[in-house]
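Before any comments, here is the structure.
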Amino acid sequence: MLKSCYSVSHIEIGQLFFVKIVLYIIFVLLGVYFYYLVSQFFINFSFWIERPYQVAAIPEYLLDLASRPRTVYPPLLHLLFVWAFPILLSTNLPVEILRGDINLSVIGYYVIFILIFSFIVRLQWKQGLKKYQSTN
């Protein structure tokens, strides 16, 4: 509790404070949705592979990886997990917005990636349902 009070006291309250709070909430929700998409993406493989539990844990590993600031990762991992598959943005963007480190190109890329990834996961789901066979 002490740490959260300390960090909240270092947020500058100005004219854009409430905008930052609204953006923070939006990007936390987008991060939750992104994590849902990642989980669904790997769970959908159960239509094609026999033991899906082997890939079902990957989203948990990715979320654990994303629980650290993106600046601690070497350039190659940073490039991979910010631009190729932006799992680090899902956990880092809300905090960066509160701190005032808003980069509109990164935010735009993240939103576009989520929209495209949503389409891919939906398409994957539809293709999986075509392959699905009941065990009865």
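Descriptive notes on the structure:
- Exactly one residue out of 93, 62, 88, 23 is within 23 Å of residue 115 (Cα to Cα), in contact with a His (Cβ under 9 Å, 6 or more places away or on another chain) and modelled with pLDDT of 85 or more: that is 88.
- Of note, residue 131 does not satisfy the criterion of being within 20 Å of residue 33 (Cα to Cα) and more than 12 Å from the chain's Cα centre (by Cα).
- Filtered by the rule that a residue be within 15 Å of residue 65 (Cα to Cα) and surrounded by fewer than 18 Cβ atoms within 10 Å (Cβ to Cβ), the stretch 85-115 gives a lone residue, 85.
- Residues within the stretch 65-84 that are modelled with pLDDT under 90, hydrophobic (A, V, I, L, M, F, W, C) and surrounded by 18 or more Cβ atoms within 10 Å (Cβ to Cβ), tallied: 1
- Qualifying residue in the stretch 27-49 (condition: of a type in the set (Val, Ile, Thr) and assigned to a loop (DSSP other than H, G, I, E, B)): yes
- Residues being at pLDDT 90 or above and either outside any helix (DSSP H, G or I) or among the hydroxyl-bearing types (Ser, Thr, Tyr) (or both) - total across the stretch 96-111: 3
- Test: residue 45 is over 22 Å from residue 24 (Cβ atoms) and surrounded by fewer than 15 Cβ atoms within 10 Å (Cβ to Cβ): no
- Pair list, Cβ < 8 Å and 6+ apart or interchain, from the stretch 81-109 residues that are over 14 Å from residue 29 (Cα atoms) to residues that are of a type in the set (Ser, Thr, Tyr): 81/73; 83/109; 86/109; 86/110; 88/73; 98/24
- Of the residues making up the stretch 20-40, those that are surrounded by fewer than 18 Cβ atoms within 10 Å (Cβ to Cβ) and not hydrophobic (A, V, I, L, M, F, W, C) are 24, 33, 36, 39, 40.
The values are calculated or read from the model by the stated rules, or taken from the named source; none is laboratory data. Computed from a predicted structure; not experimentally measured. Positions of Cβ are generated from backbone atoms using ideal geometry, with glycine treated the same way; all protein chains shown enter the neighbour counts.
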